[in-house]
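The values are calculated or read from the model by the stated rules, or taken from the named source; none is laboratory data. The model shown is predicted, which means the values in this text are computed figures rather than measured ones. Glycine gets a Cβ as well: all are built from the backbone with ideal geometry, and neighbour counts include every protein chain shown. In case anyone asks, the SASA skips ligands and DNA or RNA and just uses the protein heavy atoms, side chains included. Shrake-Rupley method; radii C 1.70, N 1.55, O 1.52, S 1.80 Å.
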Amino acid sequence: MIENIKCDHCHLEFGKDVMIKDDEHYFCCGGCQGVFHLLSENGLDSFYDKAGSTKLSRPVEEFEDSITFDTPSFYDKFVSKDKDGFSEVSLIIEGIHCSACVWLNEKALGQMDGVIEAYINHTNNKAKITWSDSNVKLSQIIDMIRAIGYDAFPYDPSIQEVRADKARKDYYMRLAVAVFGSMNIMWIAVAQYAGYFTGITQEIKTILNTAEWILSTPVLFYSGWNFFKGSYYGIKNHIVNMDILVATGATLTYIYSIYITLNNSGEAYFDSVSMIITFVLIGKFLETLSKKSAADTLDVMSKNIPSEISVIENENIVLKNVNDVEIGDTIMLRLGERAVIDGILLEGESNFDESSLSGESEPILKKVGDKIVSGTTSIDGAIRYSATKDFTHSTLSNIVSLLESAIAKKPRIEKIANRLSEHFSLAILLASFATFLVWFFGGSGFEVSFMIAISVIVIACPCALALATPVASLVGFSLSLKKGILFKESAMLESMAQAEVIVFDKTGTLTNGKPSVIKHEQYENIDKKLIYSLTSSSTHPISNGVSEYLKDESNELLALNNLEQVRGRGIKASFNKDRLLGGNALFLKEHGIIVDDSGEGSHFFVAFKNTLVAKFTLKDELKDDALNSVERIKKFGLLTIILSGDREESVKEVASALGIKEYHYGLSPEQKSEFVQKLQQSKKVVMAGDGINDILALANADIAIAMGSGSDIAIEVSDVVLLNNSLVTLADSFAIARRTYSLIKQNLAISLLYNAITIPLAMMGYIIPLIAAISMSFSSLLVVGNSLRIKWKY
């Protein structure tokens, strides 16, 4: 006869011949074997001591096979590579409903070999995971998420709403059952309370208690199922979360009320059971709706990206997947369509709505030769344009990617709040137990002591503490994006709010960045095509101004040799083995050519064959909004400084016009960087710039702000990008950062003050479980509502 033995995980008995033998252990299936080893490897095997001989459910294989996450088609659609070559994916984690869930997932993933980063945004359950494919597969990451009680699927805006609708319908059904049960229980409770004052027999009371028992059961176990599920996985992974507080309070009250009903003595509290579940569920539902409202602005950008666009091939219009469009392809953009790839306009003209990127409400007319920026919409014409970037590197794709990364990464203040909330629930359970002991041994009896202890459990709310930072940050991000401000990390909101100094580059930041020639002096004969060819090779605004001045009469490019750009100085090359130089006075002096640098404006000197041949005087106008914006920034208490490589007269003129007392001129990129580093030793520094000559200083500043019209590399190293290139937006970014940080601190204060007041009141017996449940939900809603106030001010 074959011997029956117990599975070492679920404790169900099966014949020894069908069991899986693993060293000294036996398992009925691979699922039990996998869970057993997962718990053992993570130091969670004490679970079996707590479970004792209880028979557990066998793991149910109901998920989509995780191996599909490793397929090439999945990688092509959802996985990208970061600058270090690691893989990145955005996932929605299903089943998260409190900060402990976020902590558990981040910790479990963070412990996996090969996982570089795992950030989860509590406001929308979106995870940004970075890993090394050589060390771990994505399917293994998915398996880990599922093993700890959650599920994951790729973030896809086009199907996100369908999944959200399904989740909302489930919420509606559970909420409807809870409200129906609670309303009917309250009618019965009215009869009981009336009988309490007018007289009621124990027999009638027992009948009414039984009716409440029947009605509260589906409320507790169906409507409150998510709390029990969360509690199970919390206990399984040694985490005391909010679900344990709710489930413990409601279940203990339910069991005690059954005892009262069966023994025909005392007061039952089925109404409190139902109300605890109902009000907490309503609070979580309203909280979810509020968080969705805050996140919608960010999701709408990625949600509206079309999967196909019209491309012209051999004079035929064909639909092409956006990921298959290559640089140089000719794209057809019809009236009302949104550009999803950057390019140069080839044919036609149209007004473009750029409000989604820059916040600029006025349409901008685009003509042949103008840049088409992805994310903008053609509102009154059809055009053809040539793609200058592929979809992955387009402006719109980069913004969406940066937003996902920014929202996922947590600021320092949020990490502190999360560490507090990690231990909060356990402290509450201990406080509740201590409260029970004090009241019970103080002579108040079991019933009074028990209900006071339940009130302590129910009224405590770690969710408000956990929500304090992410909701405010998300609302701040949403508002920033509407105004054309892109924060690359949420931590930048906090850092920018604490900034003490702002350092400005002059050209392109405070001025329009388009200096024009106001005077041209010719000293020796030279083919102007040589000067045009030299200046056309540079992206510096001064060089661009000179080439723009010469292009009408000398627009032919000559072949120059040994072309070299010297950052912050000028350009050198050779033509027919003769040296050609162009740049500022210092650059020419370094090459032994003496020049006269006096007079107004900025100067560009040209030397050929070691002889000065021409001098161009240029002037760059201040931006229209420069003065008012600088004044606004000063009102925030920031010290303002200008660093420029330009001449003293030009820098002084700008500083004087803007009321900036400290300015430095004639600086090389290295000198700018050294100045910022020295300033950092005593203050938190923000640097605003737009050019290649600013990148060293930008990289060394605490916060680097790049103007949207700046060079790609300046935008790459920056922490904040101003998409509309406006100084008004720069001032707005400080205002939003400070307002958001202020709301975060207010939210933390609200949460801590709420718990500091209500928990002692509950311990002193002044709050019943019903009021405790309402208060707990209200505290979370208060934090979310306070965060939304930022929208009212801007």
Legend entry - Hits in region 611-645 (condition: under 19 Å from Val503 (Cβ atoms) and free of Cβ contacts under 8 Å to residues at least 40 places away in the same chain): Leu627, Glu631, Lys634, Lys635
Inset, instruction - Answer yes or no: is there a residue in region 518-527 that is among the aromatic types (Phe, Trp, Tyr) and either open to solvent by 60 Å² or more (accessible area, probe 1.4 Å) or part of a loop (DSSP other than H, G, I, E, B) (or both). - result: yes
Legend entry - Residue identified as farther than 20 Å from Asn786 by Cβ and at pLDDT below 85 among Lys415, Lys366, Lys389: Lys415
Inset, instruction - Please name all residue pairs, on different chains or six or more residues apart, with Cβ atoms under 8 Å, provided the first residue is in region 555-576 and is closer than 30 Å to Ala697 by Cα and the second residue is open to solvent by 80 Å² or more (accessible area, probe 1.4 Å) and aliphatic (A, V, I, L, M). - result: Ile571/Leu563; Lys572/Leu563; Ala573/Leu563
Inset, instruction - List every residue pair whose Cβ atoms lie under 8 Å apart, where the two residues are 6 or more positions apart in sequence or sit on different chains, the first residue falls within region 107-121 and is without any contact (Cβ under 8 Å) to a residue 24 or more places away in the chain, and the second residue, located anywhere, is of a type in the set (Ser, Thr, Tyr) and open to solvent by 10 Å² or more (accessible area, probe 1.4 Å). - result: Gly114/Ser132; Gly114/Ser134
Inset, instruction - Please tell me if Ser547 is within 46 Å of the chain's Cα centre (by Cα), more than 15 Å from Val613 (Cα to Cα), assigned by TED's automatic domain parsing to the domain that holds Asn584 and surrounded by 17 or more Cβ atoms within 10 Å (Cβ to Cβ). - result: yes
Legend entry - Listing of strands (runs of 3 or more DSSP E) fully contained in region 627-698 that carry 1 or more residues being over 25 Å from Ala735 (Cα atoms), open to solvent by 50 Å² or more (accessible area, probe 1.4 Å) and touching a Leu at 6+ places or on another chain (Cβ under 6 Å): 662-664
Inset, instruction - Those residues that are open to solvent by 20 Å² or more (accessible area, probe 1.4 Å) and either part of a helix (DSSP H, G or I) or among the aromatic types (Phe, Trp, Tyr) (or both), I need them from region 586-604; list them, please. - result: Leu586, Lys589, Glu590
Inset, instruction - Could you please find all residues in region 109-138 being assigned to a helix (DSSP H, G or I) and open to solvent by 10 Å² or more (accessible area, probe 1.4 Å)? - result: Gly110
Inset, instruction - Out of the residues in region 240-255 that are buried (at least 22 other Cβ atoms within 10 Å of the Cβ) and over 18 Å from Ile282 (Cβ atoms), state the one that is modelled with the highest pLDDT. - result: Tyr254
Legend entry - In region 565-583, the residues that are outside any strand (DSSP E or B) and under 19 Å from Asp690 (Cβ atoms): Arg567, Gly568, Arg569
